[in-house]
Structure formats: C-alpha cells, structure tokens
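*Asks:* First the structure, then my questions, so here it is.
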Amino acid sequence: MAKRSSLSIRIVEGKNLPAKDMTATVWKTLCPFWGEEYQVHLPPTFHAVAFYVLDEDALSRDDVIGKVCLTRDTLASLPKGFTGWAHLTEVDPDEEVQGEIHLRLEVVPGTPARRLRCSVLEARDLAPKDRNGASDPFVRVHYNGRTQETSVVKKSCYPRWNETFEFELEEGAAEALCIEAWDWDLVSRNDFLGKVVVNMQRLYAAQQEEGWFRLQPDQSKSQRGGGSLGSLQLEVRLRDEVVLPSRCYQPLVQLLCREVKLGTQGPGQLITIIEETTSTDRRQEVATNLLKLFLGQGLAKDFLDLLFQLELGRTSEANTLFRSNSLASKSMESFLKVAGMRYLHGVLGPIIDRVFEEKKYVELDPSKVEVKDVGCSGLHRPQTEAEVLEQSAQTLRAHLGALLSALCRSVRACPAVIRATFRQLFRRVRERFPSAQYENVPFIAVTSFLCLRFFSPAIMSPKLFHLRERHADARTSRTLLLLAKAVQNVGNMDSPVSRAKEAWMEPLQPTVRQGVAQLKDFITKLVDIEEKEELDLQRTLSLQAPPVKEGTLFIHRTKGKGPLTSSSFKKLHFSLTTEALSFAKTPSSKKSTLIKLANIRAAEKVEEKSFSSSHVMQVIYTDEAGRPQTAYLQCKCVNELNQWLSALRKVSVNNSGLLGTYHPGVFRGDKWSCCHQKDKTGRGCDKTRSRVTLQEWNDPLDHDLEAQLVYRHLLGVEAVLREKHRELSGDTEADAVPAGSGEAPTDPLGELLQVLQDLREAHSASPPGPPPSEPGRLLELQT
C-alpha cells in the first residue's frame, strides 16, 4: 500500500499585469492567455506550490513581476480544488527560502546551571543567491541575547560545518532558540537563507533532539506596499490517494470488464449508469481513468465500441452525432492522446515546424487585413489588400495540401488499435444510418474525432501537444488558427453549414474539395483492417521497444580530472525505451546503447554552477562490471529537463538498487563541487526525487492507481447509485434469479455497491504510515 499525491494544474491567463519594458513583453500583452495544463506526481510531504510571473528579456535576466503561493494545507481544505483569480504579491527575498538544516540540540547538566548545546552539522538544497549559482552560507545561532556564528563555506548550497555552540540556560526563561542561515557577501549586505525557531519547552521535556529542520521564511516584516501587480487565473487541485494492493481491486476490475465484454444495453448496465451519474465537469477525468483501466486489461477497443453503441442508440439526428461532451467523446479524446500522440507528431510535426519557420503574415478575413510596405531599398510601395489575401490563400493552400498529403501517406503508420477502433466506429455508424442520404455520416464520425478533436486542437496549440517548445507569437497563431479552420472544413466534408459560417474562407475551397476526396480515400483505407492484420501489427510492435521519449540532448561523460565545461558537451539524438537509453548522430542513424534500463540507479538535476547551466541532468548507473558511472545530459529548457527526468524515473521505478541520496554537483579535481567532500563514492549530500514525475499521455499504465481513481469517483456518487439501484430493484426484485453460466448477471449494480463497500473497509483497515520528509524545491515548470 502506498500514499500518492498529485497536483492537477491549469494556468489559464493573467490580467492587469504591470509593464516592465517600454513595450510590455510576453508577446507584448499585459493580459496574456496560456491555457496550459500539468499533472504532477509529488511526495505527500510537499509544502506549497508557487507560481511566478516573469517578464521575458532576451538580453538580460527576466524581470519577476510577482507570484501566487498556495500551501498544501489550503489545497487540502478544498476538495474540488482552487479555481479563480489570485492576486500577485511582491516577491520578498527574505521569503524566498528553501532547503533544510541538520541540527543536534541537547540540554547538558552542569554546575551551577544547565547548558544548551547546539551542533550545526550541515544543510542541503539552500537557495543559490550568488550569480555563480551557489551561495556562501554561514549560520547564526541566537539565544538569550547572545549570538554565535559558524564559519563561511564558500560556493556551496550543501555546506557542512560540524560546529557546536553552548549557551547558559536560565531556569524559566521563555525565549526561543533561533538558528538563521545567511549567504555571506563581501560588498553588499548578506542574503537571508531561512531560519529555524526551536521551542525550548519542548526541548526541556525531550532533553535532546536531532534531525533535519525545514528552513522557514522571515515573516516578521509586514508586506511591503506598492501598486497592483495584476492577477493570475488558476485551477489547482490536490489529490491524495492511498493505493491498496492489486488483489483488493480485482473484484471491481473484473466486474467492469465483464460488463464491457457482455456489451448488452439496458437500464441496469453499469457503463450507462456511470455516465448518467457523472457530472459534466468530471466527465473527462472519469473517461480517462476508465480508458486507462480497460487499456490495461486489453479491452479499450471493446469499451469504446460499447460507448459508440450507447450513443448511437440515443441519437436520432445524424448531424449531432458525437458532437456533445458525452462519455464516448471524452473517452475517444483520451484514447487518441494515449495511443496516437507519436502518430500525430509524425504527421503534423513537419508542417507545424514549417509554419513557425516561415513566419509569414497570413490573413483571409478582409476586415482584419493589415496593409504593409513591400519592395526593396528605396522602392517601397504599399501592398494592396488583394495582394495580401492572394498571398495568404497561396500559403494556406500549400500548408493544407502538405498536411493532407502527409495524412494520406500515414495509413500504415497509424497504430493498429486506433485503426481497429475507427473500423468499429465506421461500421456501427453505417449500420445505424444505412440510407444513401447519410453516405458521408460514417466518414464524418471518424473525422469528428481524428480532425476536430485531435488534429485541429494540436494545430491551434502545438505547445500543449509537445509539438513545439514555446507558444506561437500573434502572427504564427493566426496562421495556425486559419489552417485549423481549413482542416475542420475538410473534416466536415465541406458541408454547406461550414461554408456559410465564414464566407471569406472561399479562396481555399478548391483545396478543401480536393481534400474531402483525399480524406474519404484515406479513411476507407484506414478502416480496412481485419483482425488478423491487427493482431500481426500488434505482435510486430510488441517485439519492438517503442520510444518512451526521444529528442536531441547534449552529452558529457566524465573521464579523468579534466575541467567540466558547457563547451565539452556533444550534440546527439537520444531515445529512451523500456529497455535502454540509446543515442545516435541523427534520428535515422544506427543507435548505440548508452545505459541499459536495469542499470539506472537515479536520474537527478545538476546544480547550475557545475556547468553554468540550469538545464543539466545526471543519470547515475552501473556499467557491465558493476562500477558506478554518471552521464551528464544537457537539455534546451527547464520543461524539457523535467520531461526527461520524469521519463527516466518512471521507466526505472522498479529497478533494484535505486539510490536514496546523490550529489547534485560534479566531482572536480579531488572533491565534490556541491558539498566539498573528498570521498567520491561516499553518501550523497541530497535526497533523490524519484517520486517526482510529470504525467504524460504515454506513461506506463499503473493498473492499481487507475482502479483506485475509478473507485474514488464511484464512491463520490455512491448515494446516487444506491437510489438508482432502489429504482431498478423495485421493478425486478421479485423476478430476480441467479445468473447461469454465460448469462448476464441479474443485478450488476448491486454487485458494484457491494464491491464499493468492501473497498471502503479495506481502506479503513489499512491506514498509511507516516511519509518521510522531503527537501524543499522538488520541481520547476515554465509556461
């Protein structure tokens, strides 16, 4: 049994931000929209989540506008999470603290009075206050009007002092013991690093205490005044889950799988009842959890097929099919992201890259055209509106044509399980609407998911689908939006309704009409997959280790005592699978194995001062002879760093010999740069963060967690389920008989309620143990 915490974060938008530049950046707006979502898995002991809003500067350090901080206690008190606008507050350096300090405190007998002995041993993960990415920390100990200081440890966020101080104890004195950490500066004032205040009454009772104490901010000063810093709209939800052993969830999983396999329809069907009792705001979450549960059981296609049948059974108008936010629509959205993200990248990636690289001005709406100067030196003339519209139409026709061509060539690249699911969808819709007037409806059913709910959103927001590292600027965003509209028109089979909405899209009509024919031919081939071919394709894929993550990184492997600098990194293409971390000169080159997956012992961040970069990670592993080795890999940005760390941690989570500590620095010369210790193979000076991961669509399935999340949802609607059961049993109770072999159970809802009761009792009988403490800063993400 394990307790797991996760944060669902959506950073929506900001408003009324103060201007920091002559032209306010973040794409030159004071009311930016981000719309980014993150799912972060954290240890249950994290303390707070902070959101910093910065003004990006190309030539200097980014300006900090303000921050919003939500404590764990605040989030735990809000079952539905925090949703709304939060005012930005000024960033006070004395409140920006992190890390822990290791102390040993004793009350020592003496004559004539007892003495207080305070041993300052070490600290870890202190805030780097200097430009070199480190600090020069020392400690001040205050008690009863006296102050004593440790020596200064230069250039370290992981200092070791091992110094002891003694104070005379006065009987009955109520003054607390205060230990403060500071960054020493030669010229400017010292920087505050945090403090610990010890309750002396508690120490008197215990006589001695030793351990790691979390450094706290100095909140003695009142909040500094100033003008409005604007607001940030957030959606943040904390979820703590106690995951039981697998055997506890088997009855629930087996019951749901039996319902899907039976595939029957009626008032007692569990899937139907789950949909009816799920509120609109929870439907996407529940759909994702159910989908992953059935994926783990090999029943995703059967689950989706059942949902198709249920929706078709209650739909009378073909033009409204799969257009609502039903459980079928939400489940298919999740399915395509889980099973098809790599496919989407292969089709869309080159087109999106081309749009970003060209940076052309594109506009089809005459009311929004900006006339600009064209020509060469000395011969400028205004470009006419007609010229802008014609050039824009040519650009969009080229992008749309390239996209459709790439899509038509991608039939064999599409995952077999997606093709088989679309085959079922196509057949079910054709059976429901068989007449000639509905000839296009099966095609539109497929495109409603493939184009409208998968490709178009990815075109409009490529960063949210990991197609780009950064958001598009205003000009590129407009091009992407117009391209997405064109794709939607093709997906709607060029319907009159689509054409009537925006008549100014007419210049694209020849390409759209041609695209409709191409798309129908593509779908015909896509769904033409028999079960034998599906199994053969799946078997072929199962023999290959699919990439968990891949991309360009810069590698440096330490050898000897030479200097470690950022210039010594070599650019290579890396691929992480469930078997190994490999590299090659290019994506198409032959790969060489760098580290076997089973040999990974930790994947952690390297402190900034080591390579003058905050985007370097280290993979600690053992070589074939069992000797410890470290590979240093540099990423392009903080988000890429966290994605790689997360992927490495998840694929190695079950490895034996995972490390509990590590050195965040490098061994340079004869000592570690982080803590200055000279024992190269000794215990690390910081704790590993193996449980800190980002949730991605291609994550390995966690069967027990998905079952727990489904149980948690059903428990939340248990009262509604019991009322539904009373309604159903009132009509059938007298005629209820046990189900025979191969027959549908007579009371599946009653069985479900009993399973919920059993799981509730299992949770009550298995309280989680106290979690270990964790360092202060666990993860940093950037919009």
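The values are calculated or read from the model by the stated rules, or taken from the named source; none is laboratory data. Everything quoted here is computed from the prediction, not taken from an experiment. Glycine gets a Cβ as well: all are built from the backbone with ideal geometry, and neighbour counts include every protein chain shown. Keep in mind that these areas ignore ligands, DNA and RNA; they rest on the heavy atoms of the full protein, side chains included. Shrake-Rupley method; radii C 1.70, N 1.55, O 1.52, S 1.80 Å.
*Asks:* Any residue at all in the stretch 315-325 that is of a type outside the set (A, V, I, L, M), buried (at least 20 other Cβ atoms within 10 Å of the Cβ) and in contact with a Phe, Trp or Tyr (Cβ under 9 Å, 6 or more places away or on another chain)?
*Replies:* Of the residues in the stretch 315-325, the ones of a type outside the set (A, V, I, L, M) are 315-317, 319-320, 322-325.
So of that shortlist, the ones also buried (at least 20 other Cβ atoms within 10 Å of the Cβ) come out as 322.
So of that shortlist, the ones also in contact with a Phe, Trp or Tyr (Cβ under 9 Å, 6 or more places away or on another chain) come out as 322.
Yes, the stretch 315-325 contains at least one residue that is of a type outside the set (A, V, I, L, M), buried (at least 20 other Cβ atoms within 10 Å of the Cβ) and in contact with a Phe, Trp or Tyr (Cβ under 9 Å, 6 or more places away or on another chain).
*Asks:* Right, another one. Within the stretch 218-225, is there a residue that is of a type outside the set (Val, Ile, Thr) and either at positive phi or at pLDDT 85 or above (or both)? Steps first, answer last, please.
*Replies:* Of all residues in the stretch 218-225, those of a type outside the set (Val, Ile, Thr) come to 218-225.
Within this subset, residues satisfying the condition of being either at positive phi or at pLDDT 85 or above (or both) are none.
No.
*Asks:* Any idea how many residues of the stretch 377-436 are among the aromatic types (Phe, Trp, Tyr) and within 40 Å of the chain's Cα centre (by Cα)? Talk me through it step by step, then tell me what you get.
*Replies:* As a first pass, look at the stretch 377-436 and keep what is among the aromatic types (Phe, Trp, Tyr): 422, 426, 433.
Then keep just the ones that are within 40 Å of the chain's Cα centre (by Cα); that gives 422, 426.
The qualifying residues number 2.
*Asks:* Within the stretch 191-205, work out how many residues are among the small types (Gly, Ala, Ser) and over 32 Å from the mean Cα position of the chain (by Cα). Steps first, answer last, please.
*Replies:* Of the stretch 191-205, the ones among the small types (Gly, Ala, Ser) are 194, 205.
Then drop every residue that is not over 32 Å from the mean Cα position of the chain (by Cα), which leaves 205.
Number satisfying all stated conditions: 1.
*Asks:* Out of LEU467, LEU480, LEU450, which single residue is outside any helix (DSSP H, G or I), closer than 24 Å to SER334 by Cα and in contact (Cβ under 8 Å) with a residue 40 or more places away in the chain? Before the answer, list the steps.
*Replies:* Details: LEU480 fails: outside any helix (DSSP H, G or I); LEU450 fails: outside any helix (DSSP H, G or I).
Answer to the check: LEU467.
*Asks:* Testing PRO664 on (1) under 14 Å from VAL619 (Cβ atoms); (2) out of contact with any Lys or Arg (no Cβ under 7 Å at 6 or more places or on another chain), one condition comes back false. Which one is that?
*Replies:* Only one criterion is unmet by PRO664, namely (2).
*Asks:* Give the residue that is surrounded by the most Cβ atoms within 10 Å (Cβ to Cβ), with candidates limited to residues of the stretch 117-131 that are over 14 Å from TYR143 (Cβ atoms) and of a type in the set (Lys, Arg).
*Replies:* ARG124
*Asks:* What pairs can you find where one residue is in the stretch 635-662 and in the same structural domain as TYR158 (by the TED database) and modelled with pLDDT of 95 or more, the other is among the hydroxyl-bearing types (Ser, Thr, Tyr) and crowded, with 16+ Cβ neighbours inside 10 Å, and their Cβ atoms are less than 7 Å apart, with a gap of 6+ or different chains?
*Replies:* Cβ pairs passing all conditions: none.
*Asks:* Just for helices (runs of 4 or more DSSP H) wholly inside the stretch 245-296: which have at least 3 residues that are open to solvent by 40 Å² or more (accessible area, probe 1.4 Å)?
*Replies:* Hits in the stretch 245-296: 246-262, 283-296.
*Asks:* Any residue in the stretch 584-596 that is buried (at least 19 other Cβ atoms within 10 Å of the Cβ) and touching a residue at least 40 places away in the same chain (Cβ under 8 Å)?
*Replies:* no
*Asks:* Condition first: of a type in the set (Gly, Ala, Ser), within 17 Å of HIS713 (Cβ to Cβ) and in a helix (DSSP H, G or I). Now tell me which residues in the stretch 297-333 satisfy that. It would help to see each step written out before you state the result.
*Replies:* Residues of the stretch 297-333 that are of a type in the set (Gly, Ala, Ser), as a first pass: 298, 300, 313, 316, 318, 324, 326, 328-329, 331.
Now drop any that are not within 17 Å of HIS713 (Cβ to Cβ), which leaves 326, 331.
Residue satisfying the conditions is SER331 alone.
*Asks:* Taking the stretch 583-617 on its own, how many of its residues are in a strand (DSSP E or B) and either closer than 23 Å to LYS687 by Cβ or within 24 Å of the chain's Cα centre (by Cα) (or both)?
*Replies:* Keep residues of the stretch 583-617 that are in a strand (DSSP E or B), which gives 583-584, 592-596, 600-605, 616-617.
Next, only the ones that are either closer than 23 Å to LYS687 by Cβ or within 24 Å of the chain's Cα centre (by Cα) (or both) stay: 595, 600-605, 616-617.
Count: 9.
*Asks:* Test ALA486 against the criterion of being closer than 16 Å to LYS520 by Cβ, assigned by the TED database to the domain that holds ALA500 and open to solvent by less than 50 Å² (accessible area, probe 1.4 Å), and give yes or no.
*Replies:* Values: closer than 16 Å to LYS520 by Cβ: no; assigned by the TED database to the domain that holds ALA500: yes; open to solvent by less than 50 Å² (accessible area, probe 1.4 Å): yes.
No, not satisfied.
*Asks:* Could I ask something else about it? For the structure I just gave you, tell me whether ARG342 is open to solvent by 70 Å² or more (accessible area, probe 1.4 Å), in a helix (DSSP H, G or I), closer than 29 Å to ASP528 by Cβ and of a type in the set (D, E, K, R).
*Replies:* Working: open to solvent by 70 Å² or more (accessible area, probe 1.4 Å): yes; in a helix (DSSP H, G or I): yes; closer than 29 Å to ASP528 by Cβ: yes; of a type in the set (D, E, K, R): yes.
The answer is yes for ARG342.
Residues are listed down the side, and each one gets a yes or a no for (1) among the hydrophobic types (A, V, I, L, M, F, W, C); (2) under 30 Å from SER610 (Cβ atoms); (3) open to solvent by less than 10 Å² (accessible area, probe 1.4 Å):
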| site | (1), (2), (3) |
| --- | --- |
| SER77 | no, no, no |
| GLY81 | no, no, no |
| GLU90 | no, no, no |
| ASP94 | no, yes, no |
| LEU105 | yes, no, yes |
| ARG115 | no, no, no |
| GLY133 | no, yes, yes |
| HIS142 | no, no, no |
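*Asks:* If I ask for residues that are touching a Phe, Trp or Tyr at 6+ places or on another chain (Cβ under 8 Å) and of a type in the set (A, V, I, L, M), which ones from the stretch 510-533 would you list? I'd like the intermediate steps shown before the answer.
*Replies:* We begin by selecting, within the stretch 510-533, every residue touching a Phe, Trp or Tyr at 6+ places or on another chain (Cβ under 8 Å); these are 519-520, 523, 526-527.
Matches in the stretch 510-533: LEU519, ILE523, LEU526, VAL527.
*Asks:* Does the stretch 422-436 hold any residues that are polar (S, T, N, Q) and in a helix (DSSP H, G or I), and which are they? Walk me through it before giving the result.
*Replies:* Here is the first cut: in the stretch 422-436, the residues polar (S, T, N, Q) are 424, 435.
Within the stretch 422-436, just GLN424 meets the criteria.
*Asks:* Kindly establish whether ASN289 is of a type outside the set (Val, Ile, Thr) and out of contact with any helix residue (DSSP H, G or I) (no Cβ under 6 Å at 6 or more places or on another chain). Outline the logic, then answer.
*Replies:* On the way: of a type outside the set (Val, Ile, Thr): yes; out of contact with any helix residue (DSSP H, G or I) (no Cβ under 6 Å at 6 or more places or on another chain): no.
For ASN289, the condition - of a type outside the set (Val, Ile, Thr) and out of contact with any helix residue (DSSP H, G or I) (no Cβ under 6 Å at 6 or more places or on another chain) - is not met.
*Asks:* Looking at (1) at pLDDT below 85; (2) exposed (fewer than 12 other Cβ atoms within 10 Å of the Cβ), which is the only condition GLU727 fails?
*Replies:* Failing condition for GLU727: (1).
*Asks:* Output the number of the condition that ILE620 fails; it satisfies all remaining conditions of (1) open to solvent by 10 Å² or more (accessible area, probe 1.4 Å); (2) part of a loop (DSSP other than H, G, I, E, B); (3) not basic (Lys, Arg).
*Replies:* The one condition ILE620 does not meet is (2).
*Asks:* Here's something else I'd like to know. Working carefully through the options ALA500, ALA458, ALA474, find the one that is over 22 Å from GLY349 (Cβ atoms), small (Gly, Ala, Ser) and under 27 Å from the mean Cα position of the chain (by Cα). Break it down stepwise before answering.
*Replies:* Details: ALA500 fails: under 27 Å from the mean Cα position of the chain (by Cα); ALA458 fails: over 22 Å from GLY349 (Cβ atoms).
Going through ALA500, ALA458, ALA474 in turn, the sole match is ALA474.
*Asks:* Would you call PHE569 open to solvent by less than 40 Å² (accessible area, probe 1.4 Å), out of contact with any Cys (no Cβ under 9 Å at 6 or more places or on another chain) and at pLDDT below 90?
*Replies:* On the way: open to solvent by less than 40 Å² (accessible area, probe 1.4 Å): yes; out of contact with any Cys (no Cβ under 9 Å at 6 or more places or on another chain): yes; at pLDDT below 90: yes.
So PHE569 passes the test.
*Asks:* Okay, next question. Restricting attention to the stretch 531-557, and to residues there that are assigned to a loop (DSSP other than H, G, I, E, B) and in contact with a Lys or Arg (Cβ under 9 Å, 6 or more places away or on another chain), which single residue is modelled with the highest pLDDT?
*Replies:* Here is the first cut: in the stretch 531-557, the ones assigned to a loop (DSSP other than H, G, I, E, B) are 544-548.
With in contact with a Lys or Arg (Cβ under 9 Å, 6 or more places away or on another chain) added as a condition, the list becomes 546-548.
Numbers: PRO546: 68, PRO547: 80, VAL548: 85.
It comes out as VAL548.
*Asks:* Does ASP747 satisfy the criteria of being outside the structural domain of SER613 (by the TED database), open to solvent by 50 Å² or more (accessible area, probe 1.4 Å) and at pLDDT 90 or above? Explain how you work it out, then say what you get.
*Replies:* Values: outside the structural domain of SER613 (by the TED database): yes; open to solvent by 50 Å² or more (accessible area, probe 1.4 Å): yes; at pLDDT 90 or above: no.
Taking the combined requirement at face value, the residue does not satisfy it.
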